[in-house]
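K.L.:
Have a look at this one before I ask anything.
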Amino acid sequence: MLMAGESPERLHFTLPDPWPGDSQAGLALIADQRMLFEGPISRPGAVFRNLRAVGSEAARRRALALIEDWLDHHSEWDDVEWTPEKIGDRIAGWVGFYEFYAPAATPEFVARLVESLHRQWKHLLRTLQPTLTAIAGLRAIKGLIYGGLNFDEGDKALGLGVDLLKRQIAAEILPDGGHISRCPSVHMHMLRHLTDLRETFRMAGIEAPDNLRAAISAMLPALKFFRHGDGGLALFHGSVEELPLMVDAVFTLAEGKCRTLRRLTDTGYERVMAGRSLLMADAGMPPAHFFDQRAHAGLLSFEFGQGRERLIVNCGAVDGATPQWHMACAATAAHSTMVIGDSNACEVLELGGIRAEGKVTVQRYEEDNCHCVEMQHDAYGETHGIVYHRLLRLSANGDELNGREELTGTVERRFDLRWHLHPTVRASLAQSGQTALVRSASGSGWRLRVEGAVLSLEPGVYCGSGAPRRSLQLKATGATQNGETVILWSFSREKM
């Protein structure tokens, strides 16, 4: 079936990929002559962006070699490289970078490339089901539409692609502009793909769906919500920092101006700015089934920074994680929040996904010249008989963050309250272990004081860039009592 029909001789429609690359990574790829058809070439966009950033003839030849290597090994169908998501991503990548590598290609290479694209696109059109979600769904839709604009029988594909796009936007973009996965990285890449599709419709003279334009406008303020002072993204639910240059490009190419939101009530996050300090808190339950592949069990966790420096963080996620790394990063203990009985607040599944019971409540107000975020979850209720209540208070000048942690139950349980520190932050215990001194890379000093628990300093891990780095974590340990157990703490800037 894939061999039936004639392939066109060339591509009729190309849309140059507009996103930035890393020239240093491109040079490293040129120097490393191993073939990568089983690795990054399965996600050709990032690889080709890095090569295009180099811009040399050697970079073009390397791009051609990578494509040819894939054609040599995967020209026939297989159940790994011919999934709808991978086909869609490959079509978009090969079409999007055609103007970069084609000047170095022979006519024979172009004919082979177009023939393969045609076959892959026909398979995608025949097998694509409306069950793919999030980034995987948009990758398949992009491939369907890019192919539909290049091949003579493309009208059916364009109609199907537009219908699937409208359906996916309606199902996944929440009223506050957040993505239903609750993952900042997924949110950013969804917005990037939607921006690509809007530009595709514009260049092809096709009217874009109304909800596509509306989704882009709504998602921009939500993306701005998740940015730290260093330009990267917060680390909730499997997110990584992302490159600030890429985040900037999304804002530029999405062509929208937006204010900074204080709350994402539907997505379930709170953001507080005071002075030069920024507090972001996870005030929602994990995402629903089918959208929870990257979800973490970090209920009521928070991140805190000042200026361009991150101080208190969550651990993030490892790119291409093994099940062991996924389980470790998704654990409640990998977040700056409370852990009861050395157990996760939700069941983390080894191959991705999460099972969560209970609910989260949140309210926000100002009191005594402080910004207050008050949250509660009962996810430990059934397993441990504990309800967790957290109050975070940030002073008006941003120089003091206070916490009140309340555990309510009738059974004695061990608890561990964690503050994960960014790898550039150093810490030491003081006053016989009653407090901790914390110093940022710029030299600013902070002091953590804890009442109601024993404070310790332990090794940690940080995966904000997608790869593990050594870090430190502060941990307050104790046991609950019958009724209410209260832990008080403050994280205040030391006056120089």
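The values are calculated or read from the model by the stated rules, or taken from the named source; none is laboratory data. All of these numbers come straight from a predicted model, not from anything done at the bench. Counting neighbours? That spans all protein chains shown, and the Cβs are built from the backbone with ideal geometry, glycine included. In case anyone asks, the SASA skips ligands and DNA or RNA and just uses the protein heavy atoms, side chains included. Shrake-Rupley method; radii C 1.70, N 1.55, O 1.52, S 1.80 Å.
K.L.:
Work out the length of the dipole vector of the chain about its Cα centre, built from +1 on the beta-carbon of each Lys and Arg and -1 on the beta-carbon of each Asp and Glu, and round it to the nearest 20 debye.
P.N.:
Working: 53 positive and 61 negative charges, 251 e Å.
Dipole of the chain, to the nearest 20 debye: 1200 debye.
K.L.:
Starting with the highest mean, order 256-262, 292-298, 266-272 by the number of other Cβ atoms within 10 Å, averaged over the residues of each peptide.
P.N.:
On the way: 256-262: 13.6, 292-298: 25.4, 266-272: 22.0.
Highest to lowest by the protection proxy: 292-298, 266-272, 256-262.
K.L.:
Karplus couplings for segment 178-185 from phi (6.51 cos²θ - 1.76 cosθ + 1.60, θ = phi - 60°), rounded to Hz, Gly and Pro as x?
P.N.:
So the Karplus estimates, Gly and Pro as x, are x, 8, 5, 5, 6, 9, x, 5 Hz.
K.L.:
With a ≥ b ≥ c taken as the square roots of the eigenvalues of the C-alpha gyration tensor of the chain, please select rounded if a/c is under 1.5 and otherwise prolate if a/b is larger than b/c or oblate if it is not? All intermediate terms of the calculation are to be shown ahead of the outcome.
P.N.:
Details: a/c = 2.21, a/b = 1.99, b/c = 1.11.
It is prolate, given that a/c is not under 1.5 and a/b is the larger ratio.
K.L.:
Considering the zone a paramagnetic label at Arg355 would reach in this model (a point 7 Å from Cα along the Cα-to-Cβ line), which residues of segment 291-310 have amide N under 19 Å from it?
P.N.:
The answer is 291-299.
K.L.:
Which FRET efficiency value, to the nearest 0.05, is calculated for Ala31 and Arg10 with the Förster distance at 25 angstrom and r the Cβ-Cβ distance?
P.N.:
For Ala31 and Arg10, the calculated efficiency is 0.20.
K.L.:
Answer rounded, prolate or oblate for segment 373-496, using the Cα gyration tensor with square roots of eigenvalues a ≥ b ≥ c: rounded when a/c is under 1.5, else prolate when a/b is larger than b/c, else oblate.
P.N.:
Numbers: a/c = 1.83, a/b = 1.54, b/c = 1.19.
Since a/c reaches 1.5 and a/b is larger than b/c, the shape of segment 373-496 is classed as prolate.
K.L.:
Please give the contour-minus-distance gain from Leu253 to Gln481: 0.36 nm per residue of separation, less the Cα-Cα distance, rounded to one decimal in nm. Let's see the in-between values first.
P.N.:
Numbers: separation 228, 0.36 × 228 = 82.08 nm, distance 5.47 nm.
Full-extension gain reported as 76.6 nm.
K.L.:
On to the next question. Name the GluC sites (Glu not before Pro) in segment 333-429 that are in a loop by DSSP and that have at most 13 other C-beta atoms within 10 Å, would you?
P.N.:
Values: sites: Glu347, Glu350, Glu357, Glu366, Glu367, Glu374, Glu382, Glu400, Glu405, Glu406, Glu412; in loops: Glu350, Glu357, Glu412.
Here the sparse-neighbourhood loop sites are Glu350, Glu412.
K.L.:
How large is the helix-only mean residue ellipticity at 222 nm for the chain, computed as the sum of -39500 (n - 2.57) over DSSP H runs with n ≥ 4, divided by its residue count, in deg cm²/dmol to the nearest 500? Mind showing how you got there, number by number?
P.N.:
Details: 13 runs with 169 residues, N = 496.
Estimated from H runs of four or more residues: -11000 deg cm²/dmol.
K.L.:
Based on the Cβ-Cβ distance from Val110 to Gln24, what FRET efficiency comes out when R0 is 35 Å, to the nearest 0.05? Present the calculation step by step, with values, prior to reporting the outcome.
P.N.:
On the way: r = 30 Å, r/R0 = 0.85.
Here the calculated transfer efficiency is 0.75.
K.L.:
Now for a separate question. Please report the carbon-and-sulfur percent of the accessible area for segment 353-455; probe 1.4 Å, protein heavy atoms only, DNA, RNA and ligands left out. Don't skip to the answer; put the middle values down first.
P.N.:
Working: 2010 of 4770 Å².
Heavy-atom surface of segment 353-455 belonging to carbon and sulfur, 1.4 Å probe: 42 percent.
K.L.:
Same structure again: Which order do the peptides 121-133, 430-442 come out in when sorted by mean C-beta neighbours inside 10 angstrom, highest first? Please report the intermediate quantities before stating the final value.
P.N.:
Numbers: 121-133: 16.6, 430-442: 15.1.
Going from most to least packed, we get 121-133, 430-442.
K.L.:
What does the accessible area per residue of segment 62-188 come to in Å², with a 1.4 Å probe and no ligands, DNA or RNA counted?
P.N.:
That works out to 35 Å² per residue.
K.L.:
Next question. By how many nm would the segment from Asp266 to Gln434 grow when fully extended, if each residue of separation counts as 0.36 nm and the alpha-carbon distance is taken off?
P.N.:
Numbers: separation 168, 0.36 × 168 = 60.48 nm, distance 3.91 nm.
Value of the extension gain: 56.6 nm.
K.L.:
Turning to a different aspect of this structure: Calculated FRET efficiency, Asp72 and Trp325, Cβ-Cβ r, R0 41 Å, to nearest 0.05?
P.N.:
Working: r = 32 Å, r/R0 = 0.77.
The formula returns an efficiency of 0.80 here.
K.L.:
Dipole of the chain (Lys/Arg Cβ +1, Asp/Glu Cβ -1, origin at the Cα centre): which of Gln363, Ser490, Tyr101 lies farthest to the positive side?
P.N.:
The Cα lying farthest towards the positive end belongs to Ser490.
K.L.:
Using a/c under 1.5 as the rounded threshold, could you call segment 284-383 rounded, prolate or oblate? The axes a ≥ b ≥ c are square roots of the C-alpha gyration tensor eigenvalues, and prolate needs a/b larger than b/c, oblate otherwise. Don't skip to the answer; put the middle values down first.
P.N.:
On the way: a/c = 2.13, a/b = 1.36, b/c = 1.57.
Oblate, since a/c reaches 1.5 and b/c is not below a/b.
K.L.:
Next up: If you keep only loop residues by DSSP, which trypsin sites (Lys or Arg not before Pro) in segment 326-434 have at most 13 other Cβ atoms within 10 Å of their Cβ?
P.N.:
On the way: sites: Arg355, Lys359, Arg364, Arg390, Arg393, Arg404, Arg413, Arg414, Arg418, Arg426; in loops: Lys359, Arg413.
Listed in order of number, the matching sites are Lys359.
K.L.:
When the accessible area of segment 107-159 is split by element with a 1.4 Å probe, what percent falls to carbon and sulfur?
P.N.:
Working: 1060 of 1930 Å².
Answer for segment 107-159 is 55 percent, counting heavy atoms of protein chains only.
K.L.:
Which order do the peptides 193-199, 239-245 take when ranked by the mean count of other beta-carbon atoms within 10 Å per residue, highest first?
P.N.:
Packing proxy ranking, top to bottom: 193-199, 239-245.
K.L.:
Pop a pseudo-label 7 angstrom from the Cα along the beta-carbon direction at both Lys156 and Thr410 and give the gap in nm to one decimal.
P.N.:
Label-label distance for Lys156 and Thr410, simple model: 6.5 nm.
K.L.:
Further question: Hey, got the dipole for segment 405-496? About the Cα centre, +1 on K and R Cβ, -1 on D and E Cβ, debye to the nearest 20? List each step's numbers first, then the result.
P.N.:
Numbers: 12 positive and 8 negative charges, 112 e Å.
In total the dipole reaches around 540 debye.
K.L.:
Which listed residue (Phe304, Thr267, Asn314) has the Cα farthest towards the positive end of the charge dipole for segment 247-317, taking +1 on Lys and Arg C-beta and -1 on Asp and Glu C-beta about the Cα centre?
P.N.:
Highest projection toward the positive end goes to Phe304.
K.L.:
Once label points are set 7 Å from the Cα along Cα→Cβ at both Thr131 and Ala170, what is their separation, rounded to one decimal in nm?
P.N.:
Rounded to a tenth, the inter-label distance reads 2.1 nm.
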